[in-house]
1. Could you list all residues from the stretch 299-331 that are over 12 Å from GLU210 (Cα atoms) and small (Gly, Ala, Ser)?
2. Would you check if there is a residue in the stretch 485-495 being over 37 Å from the mean Cα position of the chain (by Cα) and acidic (Asp, Glu)?
3. Go through the stretch 348-445 and tell me which strands (runs of 3 or more DSSP E), entirely inside it, have 1 or more residues that are more than 30 Å from GLU490 (Cα to Cα) and in contact (Cβ under 8 Å) with a residue 24 or more places away in the chain.
4. Hey, which of the helices (runs of 4 or more DSSP H) in the stretch 154-234, taking only ones fully inside, have at least 2 residues that are closer than 30 Å to GLU332 by Cα?
5. Scan the stretch 515-573 for residues that are more than 18 Å from ALA493 (Cβ to Cβ), of a type in the set (D, E, K, R) and not in a helix (DSSP H, G or I) and report the count.
6. Determine if the stretch 505-512 includes at least one residue that is hydrophobic (A, V, I, L, M, F, W, C) and either under 15 Å from PRO22 (Cβ atoms) or assigned to a strand (DSSP E or B) (or both).
7. Tell me the helices (runs of 4 or more DSSP H) entirely within the stretch 242-326 that contain at least 3 residues that are closer than 30 Å to GLN206 by Cα.
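Laboratory data are not the source of any read-out in this text; all were calculated from the coordinates shown. From a predicted model like this one, the values you see are computed outputs, not experimental measurements. Every residue, glycine as well, gets a Cβ built from its backbone with ideal geometry; the counts of neighbours run over all protein chains shown.
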Amino acid sequence: MLTELYIENFALIDRLFVTFAPGLNILTGETGAGKSIVIDAINVLLGERAGTDLVRTGTQKAVVQATFDMTDSAHLLPALAEVGVEPEDGLLIITREVAREGRNVARINGRACPVSVIRQTGDLLVDLHGQHEHQSLLREEHHITFLDALGDEEYQQLLAEVATLNSRRNALLRELHGLQSDERERLRMIDLLGFQVKEIEKAKLQPEEEAALQSERVRLANAERLHAAASAVYSLLYEGEEGRSVLDALGESELQLSALARIDADLETLAASLEAASVQIADVCHELADYRDRVQFDPERLEEVEERLELISSLKRKYGETVEAVLAYSEEKSADLHQLAHHAERVDEVTAEISRVETELMTHATVLSQRRAALAETLAANMQAELAYLGMPRAVFRVDLGRNPQASGIVVNGERVAVTGNGIDVVAFHLSPNVGEPPKPLARIASGGELSRVMLALKAVSARGAGVPSLIFDEIDTGIGGRTAETVGEKLAQVARDAQVICVTHLAQLAFYADRHFLLEKVTENERTVSRMRALEREEQNEELGRLQAGGRVTDAVRAHVTGVLGEIQAQKQGTLF
């Protein structure tokens, strides 16, 4: 669960540190005090897009950090391991930094990681219900996501297999469409690619050839100079002027030192060095003579080298920056040419592969559909019970599954139906809030208060099965009041027995059930507006509950009422209701 939250330089918050409790954590405060800013910060922490406008004016970066205690969440460790995340000493510390210049940094337990990993990790740790999530219930295309989220691990694996097969089918259909699109374009490409491949093959390029040719060109262009220099050096070393060469001088010097060494042994080393030098110089002379004789004055060969290098340069301008790149281009286009030339065979291959994949997809999608139908029945029954508890005892909740005919779909039971990564089903939630009326789409009949209760019921059902340690509700109380608000508060307290709940609310009926109550306030410090958040002691909590209950001035009568309600709720918590 989420135990600690630290926020720095985020919107109106300069610095905030708060410790959350197990059970139900309630956040209240005047409108604009910063309650939603806290939720926004948690959203950013969990991988939502972070704009630089969130960075507090006058500062360079915003920081959000949360500590999660994983002691009671061992069931999440395998899923965390799949994304490369492992708790340290039972804790996960997630940090997100948003710099004003736009550079974002994400860390888990101090190690940098992609935001995608943060997002995947956050999905396992927190289920966050934002202010506008009600609207997703009004869009039927989202209903299948709500339903599928309730499936077990085997169900999720089957769902993933269907998505993989559907992606494979779509890729094959795109390839087949490309193969069948334009015969004239195919023939034009065969001519073009054939010319390119032949031009490169005709050149018979070698990977190291260009460097060798460039070296040879330098030697051929400077042959006369090289020959003259080699001859001059050879003459100095071996022939010398007036019959006396360097070798002669070394030989004579070595003889004299050898004679002197017979008198003074200290000169033996020098004599040996001169002897070795004479041998080395002699070797140099022989090699110089060979080199001089090999130097060619060959203008024709130089012209051939220049032409070859120009050909290589021309091919590089067309097909790649290096000879290796040109050869790779030729290999790639040869494969493309082979595919184009064997067009009919590839059409047959792709068509057969589509048939095979569609058969496998149909099998998996049918099994998924059967599993989904059973899951829909379970959800409908659970939702019926939850809605009754939330003050809608006569409501009927139904999960309808259907299929859309589509000529380009897959064949299921003799007819072609549309298929997506979710399979072949279309899911729609229908509700009848009143007796005697048939269930209808939520968008047509549900009020704001009814939507809030439907969403809370869905969260309550999913909390029991998903094992997400923390649920966050930002104003789940939209459109409700009176006894309905009380039942929502009771339900939140009930859900909070299985998972930590953090809830932003304006209603005392919900706040009464808090295990820990936080107040957000907007204050002015150093001529700047900042948001503050603090946990309330019992007397402070009573005053805040009184403000929420009375909507203004807190009187002794209001305080007495608050004390009485809190006593009743405490008794309920110790009884069987929670």
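1. Result: SER314, GLY320, ALA325, ALA328, SER330.
2. Checking the stretch 485-495: at least one residue is over 37 Å from the mean Cα position of the chain (by Cα) and acidic (Asp, Glu).
3. Working: elements: 396-402, 405-412, 415-417, 426-432.
Per the criteria, 396-402, 405-412, 426-432.
4. Working: elements: 183-203, 209-221, 223-234.
Qualifying helices (runs of 4 or more DSSP H): 183-203, 209-221.
5. Within the stretch 515-573, residues that are more than 18 Å from ALA493 (Cβ to Cβ), of a type in the set (D, E, K, R) and not in a helix (DSSP H, G or I) number 9.
6. Looking only at the stretch 505-512, we keep the residues that are hydrophobic (A, V, I, L, M, F, W, C), and these are 507-508, 510-512.
Checking which are either under 15 Å from PRO22 (Cβ atoms) or assigned to a strand (DSSP E or B) (or both) leaves us with none.
No, the conditions are met nowhere in the stretch 505-512.
7. Numbers: elements: 246-261, 268-294, 299-319.
Correct list: 268-294, 299-319.
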